[in-house]
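Have a look at the structure below before the remarks.
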Amino acid sequence: MRCRITDAYMTAVQGGSISAAMVVKAEAERKAGEDVELSKNGVFNFNAFNQSNFANVFNTILFPVSEEHVNVLVALCEDNEGLEEDAKTFPLIDLVSVSVKAPEKYIQTWSRDDEELKHVQGEPVCDDEGKVRIFEEIKVICLCDENEKPTEDVNRKARQRWKSNLLNGVFVTLSDYEASIAETKAVEEVKVQDKLNENEFAAAPKLNKNGNGGNGKGTTTGNNRPGFGRR
(Lines give C-alpha, C1' and ligand atoms only; values in the text may rest on other atoms or scores of the structure.)
Protein backbone atom coordinates (compact mmCIF):
# COMPACT_ATOMS: atom_id res chain seq x y z
CA MET A 1 0.00 0.00 0.00
CA ARG A 2 1.45 3.32 -1.04
CA CYS A 3 1.79 5.54 2.04
CA ARG A 4 3.13 8.98 2.76
CA ILE A 5 5.55 9.44 5.66
CA THR A 6 4.21 12.04 8.08
CA ASP A 7 6.94 11.78 10.72
CA ALA A 8 10.29 10.12 11.26
CA TYR A 9 12.75 10.18 14.14
CA MET A 10 15.55 8.14 15.64
CA THR A 11 15.11 6.11 18.83
CA ALA A 12 17.37 4.02 21.03
CA VAL A 13 17.09 0.23 20.82
CA GLN A 14 17.71 -1.90 23.88
CA GLY A 15 18.59 -5.56 24.13
CA GLY A 16 20.00 -6.02 20.65
CA SER A 17 23.11 -5.67 18.56
CA ILE A 18 21.80 -2.43 17.00
CA SER A 19 21.78 0.62 19.27
CA ALA A 20 19.42 2.87 17.27
CA ALA A 21 16.59 2.67 14.75
CA MET A 22 14.25 4.98 12.93
CA VAL A 23 10.57 5.15 13.83
CA VAL A 24 8.44 5.97 10.78
CA LYS A 25 4.84 7.11 10.95
CA ALA A 26 2.90 6.95 7.70
CA GLU A 27 -0.65 6.98 6.41
CA ALA A 28 -2.22 5.49 3.32
CA GLU A 29 -2.67 7.88 0.45
CA ARG A 30 -6.22 8.78 -0.54
CA LYS A 31 -7.29 7.60 -3.95
CA ALA A 32 -7.88 10.61 -6.14
CA GLY A 33 -11.57 11.38 -6.67
CA GLU A 34 -12.82 8.46 -4.61
CA ASP A 35 -13.66 10.36 -1.42
CA VAL A 36 -14.46 13.81 -2.82
CA GLU A 37 -17.45 12.78 -4.90
CA LEU A 38 -20.54 13.75 -2.90
CA SER A 39 -23.00 11.60 -4.80
CA LYS A 40 -22.92 8.48 -6.93
CA ASN A 41 -25.83 7.73 -9.24
CA GLY A 42 -27.97 10.11 -7.23
CA VAL A 43 -27.12 8.43 -3.89
CA PHE A 44 -25.40 10.61 -1.29
CA ASN A 45 -21.84 9.42 -0.67
CA PHE A 46 -21.43 9.24 3.10
CA ASN A 47 -17.89 7.90 2.61
CA ALA A 48 -16.85 11.40 1.67
CA PHE A 49 -17.35 12.36 5.32
CA ASN A 50 -16.17 9.13 6.92
CA GLN A 51 -12.80 9.89 8.48
CA SER A 52 -12.04 6.18 8.92
CA ASN A 53 -11.81 5.87 5.13
CA PHE A 54 -9.11 8.50 4.95
CA ALA A 55 -6.19 7.57 7.12
CA ASN A 56 -4.88 4.08 7.70
CA VAL A 57 -2.03 4.98 10.04
CA PHE A 58 1.05 2.77 10.18
CA ASN A 59 3.99 2.81 12.56
CA THR A 60 7.07 0.82 11.69
CA ILE A 61 10.76 0.67 12.54
CA LEU A 62 13.50 0.91 9.95
CA PHE A 63 17.23 0.37 10.26
CA PRO A 64 18.85 2.84 7.81
CA VAL A 65 22.11 1.79 6.23
CA SER A 66 23.71 5.21 6.69
CA GLU A 67 23.36 8.44 8.64
CA GLU A 68 22.90 10.27 5.34
CA HIS A 69 19.63 8.46 4.69
CA VAL A 70 18.46 9.35 8.19
CA ASN A 71 19.25 13.04 7.77
CA VAL A 72 17.46 13.27 4.42
CA LEU A 73 14.26 11.65 5.68
CA VAL A 74 14.16 13.58 8.96
CA ALA A 75 14.82 16.86 7.12
CA LEU A 76 11.92 16.22 4.73
CA CYS A 77 9.55 15.66 7.64
CA GLU A 78 10.80 18.72 9.52
CA ASP A 79 10.37 20.91 6.42
CA ASN A 80 6.62 20.19 6.53
CA GLU A 81 6.18 21.60 10.03
CA GLY A 82 4.05 24.75 9.98
CA LEU A 83 3.05 24.35 6.32
CA GLU A 84 -0.48 24.06 5.00
CA GLU A 85 -1.50 20.55 3.97
CA ASP A 86 -1.40 21.33 0.24
CA ALA A 87 2.10 22.78 0.55
CA LYS A 88 3.64 19.78 2.29
CA THR A 89 5.92 17.33 0.49
CA PHE A 90 5.65 13.79 1.80
CA PRO A 91 8.24 11.09 1.17
CA LEU A 92 6.46 7.95 -0.05
CA ILE A 93 6.86 4.41 1.20
CA ASP A 94 5.19 1.07 0.44
CA LEU A 95 3.89 -0.69 3.57
CA VAL A 96 1.63 -3.63 4.29
CA SER A 97 0.07 -4.96 7.50
CA VAL A 98 0.64 -8.68 8.08
CA SER A 99 -0.74 -10.94 10.83
CA VAL A 100 1.42 -13.70 12.30
CA LYS A 101 0.20 -16.34 14.76
CA ALA A 102 1.44 -15.52 18.28
CA PRO A 103 3.38 -18.12 20.31
CA GLU A 104 0.44 -18.12 22.74
CA LYS A 105 -2.72 -16.18 23.47
CA TYR A 106 -2.18 -12.78 25.07
CA ILE A 107 -3.78 -9.54 26.11
CA GLN A 108 -2.62 -6.01 25.36
CA THR A 109 -2.35 -3.07 27.73
CA TRP A 110 -2.47 0.63 26.96
CA SER A 111 1.03 2.04 26.57
CA ARG A 112 0.05 5.56 27.66
CA ASP A 113 -2.75 7.56 29.29
CA ASP A 114 -5.45 9.11 27.12
CA GLU A 115 -7.84 11.40 28.99
CA GLU A 116 -10.10 11.89 25.97
CA LEU A 117 -10.61 8.16 25.40
CA LYS A 118 -10.35 7.43 29.14
CA HIS A 119 -7.49 4.99 28.75
CA VAL A 120 -5.03 4.50 31.58
CA GLN A 121 -1.53 3.22 31.00
CA GLY A 122 -1.22 -0.42 32.00
CA GLU A 123 -4.95 -1.19 31.83
CA PRO A 124 -6.01 -4.05 29.53
CA VAL A 125 -7.46 -3.27 26.11
CA CYS A 126 -11.18 -4.14 26.15
CA ASP A 127 -13.86 -4.61 23.52
CA ASP A 128 -17.00 -2.49 23.16
CA GLU A 129 -18.71 -4.55 25.88
CA GLY A 130 -15.93 -3.91 28.37
CA LYS A 131 -14.50 -7.43 28.21
CA VAL A 132 -10.73 -7.88 28.05
CA ARG A 133 -9.71 -8.64 24.48
CA ILE A 134 -7.73 -11.80 23.87
CA PHE A 135 -5.35 -11.78 20.92
CA GLU A 136 -4.00 -14.76 19.00
CA GLU A 137 -2.07 -12.94 16.25
CA ILE A 138 0.65 -10.33 16.11
CA LYS A 139 0.27 -7.56 13.56
CA VAL A 140 3.45 -6.23 12.00
CA ILE A 141 3.98 -3.45 9.49
CA CYS A 142 6.48 -4.37 6.77
CA LEU A 143 8.03 -2.86 3.71
CA CYS A 144 6.52 -4.32 0.55
CA ASP A 145 6.70 -4.21 -3.21
CA GLU A 146 4.08 -2.77 -5.55
CA ASN A 147 2.05 -5.98 -5.23
CA GLU A 148 2.00 -5.67 -1.42
CA LYS A 149 4.32 -8.64 -1.02
CA PRO A 150 6.49 -8.12 2.09
CA THR A 151 10.16 -7.46 1.38
CA GLU A 152 11.13 -7.99 5.02
CA ASP A 153 11.33 -11.16 7.12
CA VAL A 154 7.80 -11.08 8.55
CA ASN A 155 8.33 -13.85 11.11
CA ARG A 156 11.54 -12.30 12.39
CA LYS A 157 9.84 -8.94 12.79
CA ALA A 158 6.91 -10.57 14.60
CA ARG A 159 9.31 -12.32 17.01
CA GLN A 160 11.02 -9.00 17.72
CA ARG A 161 7.70 -7.30 18.41
CA TRP A 162 6.58 -10.17 20.64
CA LYS A 163 9.75 -10.08 22.74
CA SER A 164 9.95 -6.30 23.07
CA ASN A 165 6.27 -5.90 23.99
CA LEU A 166 6.46 -8.69 26.57
CA LEU A 167 9.48 -6.95 28.03
CA ASN A 168 7.82 -3.54 28.33
CA GLY A 169 4.48 -4.97 29.55
CA VAL A 170 2.37 -4.00 26.53
CA PHE A 171 1.80 -7.70 25.84
CA VAL A 172 0.89 -10.06 28.71
CA THR A 173 0.43 -13.75 28.04
CA LEU A 174 -3.07 -14.99 28.85
CA SER A 175 -1.70 -17.57 31.29
CA ASP A 176 0.20 -14.89 33.23
CA TYR A 177 -2.81 -12.57 33.19
CA GLU A 178 -5.16 -15.28 34.51
CA ALA A 179 -2.63 -16.25 37.20
CA SER A 180 -2.41 -12.59 38.24
CA ILE A 181 -6.21 -12.31 38.42
CA ALA A 182 -6.43 -15.51 40.53
CA GLU A 183 -3.72 -14.24 42.88
CA THR A 184 -5.42 -10.88 43.29
CA LYS A 185 -8.74 -12.60 43.98
CA ALA A 186 -7.13 -14.86 46.61
CA VAL A 187 -5.56 -11.86 48.36
CA GLU A 188 -8.90 -10.02 48.40
CA GLU A 189 -10.66 -13.09 49.85
CA VAL A 190 -8.08 -13.28 52.65
CA LYS A 191 -8.62 -9.59 53.42
CA VAL A 192 -12.39 -10.07 53.58
CA GLN A 193 -12.04 -13.08 55.89
CA ASP A 194 -9.63 -11.19 58.14
CA LYS A 195 -12.14 -8.35 58.38
CA LEU A 196 -14.94 -10.78 59.29
CA ASN A 197 -12.75 -12.34 61.97
CA GLU A 198 -11.98 -8.91 63.42
CA ASN A 199 -15.69 -8.04 63.56
CA GLU A 200 -16.56 -11.35 65.25
CA PHE A 201 -13.81 -10.85 67.83
CA ALA A 202 -14.98 -7.31 68.58
CA ALA A 203 -18.58 -8.51 69.07
CA ALA A 204 -17.66 -11.46 71.33
CA PRO A 205 -18.26 -11.03 75.15
CA LYS A 206 -15.14 -10.23 77.12
CA LEU A 207 -13.94 -12.74 79.76
CA ASN A 208 -13.29 -11.71 83.39
CA LYS A 209 -10.28 -12.85 85.41
CA ASN A 210 -12.09 -16.07 86.31
CA GLY A 211 -12.52 -16.91 82.67
CA ASN A 212 -16.24 -16.17 82.66
CA GLY A 213 -18.14 -13.67 80.64
CA GLY A 214 -18.82 -10.45 82.47
CA ASN A 215 -17.62 -6.94 83.08
CA GLY A 216 -15.03 -7.89 85.72
CA LYS A 217 -16.84 -5.95 88.48
CA GLY A 218 -18.49 -8.76 90.44
CA THR A 219 -21.25 -9.56 88.01
CA THR A 220 -21.03 -13.26 87.30
CA THR A 221 -22.99 -15.89 85.52
CA GLY A 222 -23.86 -19.56 85.97
CA ASN A 223 -23.12 -21.23 89.34
CA ASN A 224 -21.06 -18.27 90.55
CA ARG A 225 -24.01 -15.92 90.91
CA PRO A 226 -25.17 -15.07 94.53
CA GLY A 227 -27.32 -17.77 96.23
CA PHE A 228 -25.50 -20.72 94.76
CA GLY A 229 -22.62 -22.73 96.19
CA ARG A 230 -21.88 -23.60 99.80
CA ARG A 231 -24.45 -22.82 102.52
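The values are calculated or read from the model by the stated rules, or taken from the named source; none is laboratory data. It should be emphasised that the depicted structure is a prediction, and the values quoted were computed from it without experimental measurement. Methodologically, a virtual Cβ is constructed for each residue, glycine included, from the backbone with ideal geometry; neighbour enumeration extends over all protein chains shown.
Please indicate, with yes or no, whether at least one residue in the range 128-145 is in contact (Cβ under 8 Å) with a residue 12 or more places away in the chain and among the small types (Gly, Ala, Ser).
no
Within the range 79-110, work out how many residues are assigned to a strand (DSSP E or B) and under 30 Å from residue 178 (Cβ atoms).
Of the residues in the range 79-110, 13 are assigned to a strand (DSSP E or B) and under 30 Å from residue 178 (Cβ atoms).
How many residues does the range 60-114 contain that are surrounded by fewer than 15 Cβ atoms within 10 Å (Cβ to Cβ), at negative phi and either free of Cβ contacts under 8 Å to residues at least 40 places away in the same chain or among the aromatic types (Phe, Trp, Tyr) (or both)?
22
Condition first: touching a Lys or Arg at 6+ places or on another chain (Cβ under 8 Å) and modelled with pLDDT of 70 or more. Can you find one or more residues in the range 203-216 that meet it?
no
Residues checked against (1) assigned to a loop (DSSP other than H, G, I, E, B); (2) modelled with pLDDT under 75:
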| residue | (1), (2) |
| --- | --- |
| 4 | no, no |
| 30 | yes, yes |
| 48 | no, yes |
| 65 | yes, yes |
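I need the full set of residues from the range 111-140 which are over 16 Å from residue 171 (Cβ atoms) and not in a loop (DSSP other than H, G, I, E, B), in order please.
Of everything in the range 111-140, those that are over 16 Å from residue 171 (Cβ atoms) and not in a loop (DSSP other than H, G, I, E, B) turn out to be 114, 119.
Among residues belonging to the range 115-152 that are of a type in the set (Asp, Glu) and surrounded by 14 or more Cβ atoms within 10 Å (Cβ to Cβ), point out the one that is farthest from residue 63 (Cα to Cα).
Here the answer is 148.
Condition first: under 27 Å from the mean Cα position of the chain (by Cα), surrounded by 14 or more Cβ atoms within 10 Å (Cβ to Cβ) and of a type in the set (S, T, N, Q). Can you find one or more residues in the range 169-185 that meet it?
Checking the range 169-185: at least one residue is under 27 Å from the mean Cα position of the chain (by Cα), surrounded by 14 or more Cβ atoms within 10 Å (Cβ to Cβ) and of a type in the set (S, T, N, Q).
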